[in-house]
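Shown next, in structure tokens, is the structure this report addresses.
The values are calculated or read from the model by the stated rules, or taken from the named source; none is laboratory data. It should be emphasised that the depicted structure is a prediction, and the values quoted were computed from it without experimental measurement. Reconstructed Cβ throughout: ideal geometry from the backbone, glycine too, with neighbour counts over all protein chains shown. Ligands, DNA and RNA are excluded from the accessible area calculation, which covers all protein heavy atoms including side chains. Shrake-Rupley method; radii C 1.70, N 1.55, O 1.52, S 1.80 Å.
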Amino acid sequence: MTTKRLLEIAKNTMEQALEQDGVNQVQVAAFQVNSALTRYANSQIHQNVASKRGGIAIKVVAGQKIGNLLVNSLEKAQIKDAVSSAVKVARVTPPNKDFKSLPEPTKWAPIKDAYHKETTECTPDYRAERVKEAIDAAHSKSQLVRAVAGSFSIESLAFAVVNSLGISAWTEVAIASIQTTVISKSANSQGFSSEEQYSRKVGDIDAAKVGRQAAEKSIRSVNPCKIPIGEYEVVLSPRAVATLFMYLGYMSFSATSYQDGQSFVKYNLGKRVFDKKLNAYDDPRNLRTLYKFPIDGEGVPKVKIQLVVEGRVSEKSICYDSFTAGKEGRMSTGHALPPIFGFRGRPMPFNILIASGDASEEEMIQETKRGLFITRFHYTNPVEPSKAILTGLTRDGTFLIEDGELTKPVVNLRYTDSMLSALKIVPMLGKDLEILEDVTAPAMKLEKLRFTGVTEH
Amino acid sequence: MKNGVPEEVHISRMKGFGLRVLAEGSWGFAASVDVTKSEVVKVARKAVTIARASAKVNKKPVSLRNLEAKKANYSTPVRKDPFKIPLDEKMGILMEAERIIAKQSPLIKVSYSFFRTKREKKLLMSTEGTEIHQQIIWCGGGLMAVAIKNGEVQRRSYPSSFRGNFSTSGYEFFESLKLTQEAKKVGQEALQLLGAERCPSATKDLIITGDQLALQIHESCGHPTELDRALGMEADYAGTSFLTPDKLDTFRYGSKKVNIVADATVPGGLGTFGYDDEGIPAKKIYLVKEGVFVGYQSSRETAALLGLKESSGGMRADSPLKLPLIRMTNINLLEGDWKAEELIEDTRDGILMQTNRSWSIDDRRLNFQFGAEIGWKVKRGSREGMVRNPTYTGITPQFWGSCDAISKDDWMMWGTPNCGKGVPGQVMYVGHGCGSARFKKTQVGLIK
């Protein structure tokens, strides 16, 4: 019902805009986001919120002059005012010669299994009960568990897009997630770990399991020892792998960074830059991806993109919206960001899947003579995007591997390395995939990752 | 604008309301953009239902520091309303600046220019009797040039990276940036960086100019002095803080030269306002005094939890749909007694770094690594040769402990409109006042 109403609002808005003098193309995306989130810290709920927001993003084209306006309201008067403002902006804006046209309509099909009503109907009491389960499960593991923090979130995201060339498309997704951090303490040392789970079905979320798993690792991470910086073999959890690929997606596979010369892909077309075992793609229709939107923010069907094929990148690795595609005379791949994320920004993949291998996490550890197991990376950021150099820190459970066993926790380390070097040799890939927001990833063993600093906890 | 043409011209509007309620000793919050009587009633009921659900997993009822309820008005003083300036005038300045950048060389492959302004009208009312009307206006902008040669990518920004500098002021602030006058230098420095040598990996005296030091203050003092972090309330996301409550008033955070305040009253600061979102009047408090950690940024609830006398007045929400959180106001490093040029003249073997390019800090705000857009070697009291991709790294209290000189003559306010915090995420506008400073024996360059 939400999408039907949004489609109607979008169509009415488009008709209003087309009545204005000089306007020859119009695109309108109407959206609604309902969110509810229960957040806990120190083993009790401290923030508990719900909100409803909706609005329209309108693009008015007059020749090659473009006016954009986002209004966070679905009220008629606000929308009328927004149309008028967008037209005014278009009239005074100089032409953008790179703009070719809004996208033409293409056949699209909805994705089953994207929206589950029971997820959106989840009550504050239900969320509180799951939170209590996570907290109790963590504390029941050990007296060392001192505090449990995290959030339980429900979100329904709906949008409908129309344009004056005939696009008319809509989609709705509901997401449930839990994230739990457990803090343990012994004498003068604290241990940390975290676990998370995402699903479109709220009933799939196993809060107690997440709490229990986080507690187990947290207890093991107290009294960490410092190890020297340098290169180490590493076994990365799916969460850690997902962070690296999320950044690669943003800084390397977006047409904007590719066209601006800031993506490593531009300088390595057709080359095998990663291990031959690495295959990654962006596919909204895959069963294991979270945000199953069949269309993008312009109503263009999302195309499956082969980001990495047997370690190689190519022109086919790049994700386009209609604007960036128009600059190269191509078709959009359906990667304009949906209006629910605010303004357009750069096209980018957010249904990234890394193909699984055949090893378990335990086997990767067993095959490591001396290395590190990394649960999670923190505050990762690009240092030199065109060389895919990232920096960040380990967090929430970093362990030394000696002779095939996790032997002791280590003080968190800073890594600074080019992904072209770090992902060059991937001896083992995990057989199990984990859904982690934008990325679905297996665990991964890297032959080396360069650590350049050490912190104090 | 990008490459001299408007890639996108955006106007964004939001109207809405949020209700924070305390019921059975627990918090509930609900909000909506649908501002109608029936929706207000519905949302109020939802907030109470949520608070009651919270109470089921609550060990201790919420306690708040007292508030003297006020009826008040506050408005950012502006000389020229940025919303009344014609769009083509603003775009004209940006286009001219980018034309000058592009003219410098065909190696400049991309240029950007930005103008951004925001007007926020807020009404805060509470059952304690608060009724505060505020209008906050801020604006600003900036430039960036990207030069590329043989796969080497270098960029240069003005007056600061990430879209420029911003101030709670009118259009006169944007005019004062004089973007067209600075554009040539921006383009030329981007080009010069292509031929500059790589920053050495070594231990050297480091001089940081204000536009980079602002982010250093933000990450290594601003966030760790947020009391909600120190009390574990952000443990699941951004992390906790090395500045734990047992360190208050005793821990040596930096050298005796280091004085840092949270000051919501400083004119033009991006974090300047009349009242916070709990109704606390804007104030100035010390976080670090003569190098000692002496204060937290707090709320009424966290102040009560720690037994502090009162809130520091930093609770803010980024929209009516979000819960107020402890947010930085203007976190300022107070002036020292040096002139900026004297920092260079007094340095025998150092590196000078300017304008942030990358940043990362651990979840307790100890180990950090920053990259700058541009650097220069400093030898025997003068700049000698530009270096590209300069970075530095350190541990927060050791780093600030090595601060031996702070300037006074280049002190100014820097505005950061994109500080992220909280779950669900919020983006807040905050300010940092500082000039240049020197840090002895710092690790610079990427460690091999």
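Rounded to the nearest 100 Å², what is the buried accessible area between B and A, both sides summed, probe 1.4 Å? For chain B against chain A, roughly 6900 Å² becomes buried.
Any idea what the dipole of chain B comes to, in debye rounded to 20, about its Cα centre with Lys/Arg Cβ at +1 and Asp/Glu Cβ at -1?
The dipole of chain B has a size of about 620 debye.
Note on B:Lys247: lysines with a C-alpha under 16 Å away, same-chain residues under 8 apart excluded, are B:Lys289. Rounded to the nearest Hz, the phi-derived 3J(HN,Hα) couplings of region B:9-26 under the Karplus curve 6.51 cos²θ - 1.76 cosθ + 1.60 (θ = phi - 60°) are 10, 10, 10, 10, 10, 9, 10, x, 8, x, 10, 9, 10, 10, 9, 6, x, 10, where x marks glycine and proline.
Evaluated at 37 °C with a viscosity of 0.692 mPa s, what Stokes-Einstein diffusion coefficient in µm²/s does region A:225-457 have when Rh comes from the Kirkwood expression over alpha-carbon pairs?
Numbers: Rh = 18.0 Å.
D, rounded to a whole number, is 183 µm²/s.
Averaging the sequence gap over all C-alpha pairs within less than 8 Å and six or more residues apart, then dividing by the number of residues, gives region B:121-267 a relative contact order of 15 percent.
A straight line joining the Cα centroids of region A:380-426 and region B:413-448 runs 23 Å.
Show me the GluC sites (Glu not before Pro) within region B:57-138 that DSSP assigns to loop and that have at most 15 other Cβ atoms within 10 Å of their Cβ. In loop regions of region B:57-138 (DSSP not H, G, I, E or B), the sparsely surrounded GluC sites (Glu not before Pro) are B:Glu68, B:Glu128.
If I compute solvent accessible area with a 1.4 Å probe over the protein chains, what percent of it on the protein assembly as shown is carbon and sulfur? Could the numbers behind the result be given before it?
On the way: 16420 of 33280 Å².
Here carbon and sulfur together make up 49 percent of the probe-accessible area.
Each Lys and Arg adds +1 at its Cβ and each Asp and Glu adds -1 at its Cβ; summed about the Cα centre, region B:202-444 shows a dipole of about 520 debye. Entry for region B:202-444 at q = 0.08 Å⁻¹: log10 I(q)/I(0) = -0.28, Debye formula applied to identical alpha-carbon scatterers, no solvent contribution. The long axis of helix B:179-195 is offset from the longest Cα principal axis of chain B by roughly 60 degrees.
Comparing the full protein assembly with the isolated chain (1.4 Å probe, heavy atoms, ligands and nucleic acids excluded), the residues of region A:50-73 losing at least 50 square angstrom of accessible area are A:Ala50, A:Lys52, A:Asn68, A:Asn72.
Across the options B:Gly415, B:Ile361, B:Phe273, the greatest Cα extent toward the positive end of the charge dipole of region B:202-444 (unit charges at beta carbon of Lys, Arg, Asp, Glu) belongs to B:Ile361.
Dividing the Cα radius of gyration of chain A by its Kirkwood radius returns 1.01 for Rg/Rh. Both radii were evaluated on the Cα set of chain B; the Rg over Rh quotient, with Rh as the Kirkwood radius, amounts to 0.99.
Applying the criteria of a DSSP loop state and at most 14 other Cβ atoms within 10 Å to the trypsin sites (Lys or Arg not before Pro) of region B:262-357 yields B:Lys309, B:Arg348.
Protein heavy-atom accessible surface, 1.4 Å probe, per residue over region B:73-195: 46 Å².
In this structure region B:202-444 gives 29 Å² per residue of accessible area when probed at 1.4 Å with all protein chains present. With Cα atoms defining each centre, region A:178-225 and region B:324-373 are spaced 34 Å apart in the structure.
Taken residue by residue and averaged, Cβ atoms of other chains lying within 10 Å of the Cβ of A:34-42 number 5.
Within region A:438-457, the residues that become at least 10 Å² less accessible when every protein chain is included than when their own chain is isolated (1.4 Å probe; DNA, RNA and ligands ignored) are A:Arg450, A:Thr452, A:Val454, A:Thr455, A:Glu456, A:His457.
Please work out the average accessible area per residue across region A:333-396, using the 1.4 Å probe convention, and give it in Å². Before the final figure, lay out each step's value.
Details: 1840 Å² over 64 residues.
On a per-residue basis, region A:333-396 sits at 29 Å².
Cross-link partners for B:Lys15 among the aspartates and glutamates, with Cα-Cα distance under 14 Å and sequence neighbours closer than 8 places in the same chain left out: A:Glu75, A:Asp81, B:Asp34, B:Glu39, B:Glu120, B:Asp318.
Cross-link partners for B:Lys2 among the aspartates and glutamates, with Cα-Cα distance under 19 Å and sequence neighbours closer than 8 places in the same chain left out: A:Asp98, A:Asp260, A:Asp321, A:Glu328, B:Asp88, B:Glu89, B:Glu96, B:Glu98, B:Glu182, B:Glu189. Across the alpha-carbon atoms of the protein assembly as shown, the computed radius of gyration and Dmax are 26.3, 75 angstrom.
Partner shielding of A:263-270 amounts to 1, given as the average count of beta-carbon atoms from other chains within 10 Å of each residue beta-carbon. For the cross-link pairs A:Lys88/B:Lys421; A:Lys201/B:Lys121; A:Lys277/A:Lys387; A:Lys4/A:Lys117; B:Lys109/B:Lys339, which exceed 27 Å when the distance is taken from alpha carbon to alpha carbon? Flagged as over cut-off: A:Lys88/B:Lys421; A:Lys201/B:Lys121; B:Lys109/B:Lys339.
Highest-first packing order for the peptide set B:420-427, B:45-52 is B:45-52, B:420-427, based on the mean count of other beta carbon atoms within 10 Å. In region A:409-425, the residues that give up 50 Å² or more of accessible area when the other protein chains are added, compared with the chain on its own (1.4 Å probe), are A:Arg414.
Classify region B:225-272: rounded, prolate or oblate, from the alpha-carbon gyration tensor (a ≥ b ≥ c, eigenvalue square roots; a/c under 1.5 rounded; otherwise prolate if a/b is larger than b/c)? Oblate shape, in that a/c is at least 1.5 and b/c is the bigger or equal ratio. Note on region B:73-195: Kirkwood hydrodynamic radius from all Cα pairs is 15.9 Å, rounded to one decimal.
Taking every alpha-carbon pair under 8 Å whose residues sit at least 6 apart, region B:17-62 reaches a relative contact order of 46 percent.
Kindly express, to the nearest 10 degrees and within the range 0 to 90, the angle between helix B:87-103's C-alpha long axis and the longest C-alpha principal axis of chain B. In chain B, helix B:87-103 runs at an angle near 30 degrees to the longest axis.
Distance cut-off 23 Å, Cα to Cα: go down the list B:Lys257/B:Lys440; B:Lys118/B:Lys184; A:Lys271/A:Lys316; A:Lys52/A:Lys76; A:Lys59/B:Lys103; A:Lys209/B:Lys322 and report the pairs above it. Please list the in-between numbers first.
On the way: B:Lys257/B:Lys440 13 Å; B:Lys118/B:Lys184 28 Å; A:Lys271/A:Lys316 13 Å; A:Lys52/A:Lys76 17 Å; A:Lys59/B:Lys103 31 Å; A:Lys209/B:Lys322 30 Å.
Cα-Cα > 23 Å for B:Lys118/B:Lys184; A:Lys59/B:Lys103; A:Lys209/B:Lys322; rest within.
Helix B:37-55 and the longest principal axis of the Cα set of chain B meet at an angle near 90°.
Shape of region A:295-346 from its Cα gyration tensor (a ≥ b ≥ c, root eigenvalues): rounded if a/c is under 1.5, otherwise prolate when a/b > b/c, or oblate? Before the final figure, lay out the partial values.
On the way: a/c = 2.19, a/b = 1.64, b/c = 1.34.
In terms of gyration-tensor shape, prolate.
Normalised by the number of residues in chain A, what is the relative contact order in percent for Cα pairs under 8 Å and 6+ residues apart? Walk me through the intermediate numbers first.
Details: 1282 pairs, mean separation 71.9, N = 457.
It comes to 16 percent, rounded to a whole number.
Compared with the rule-of-thumb size 2.2 N^0.38 Å for a compact globular protein, region A:2-218 has a Cα radius of gyration ratio of 1.37. Shape analysis of region B:17-62 based on the Cα gyration tensor places the equivalent ellipsoid semi-axes at 23, 8, 7 Å, largest first. Shape of region B:240-316 from the C-alpha gyration tensor: oblate (a/c of 1.5 or more and a/b not above b/c, with a ≥ b ≥ c the square roots of its eigenvalues). Centroid-to-centroid, using Cα positions, region B:80-106 and region A:90-165 are 37 Å apart.
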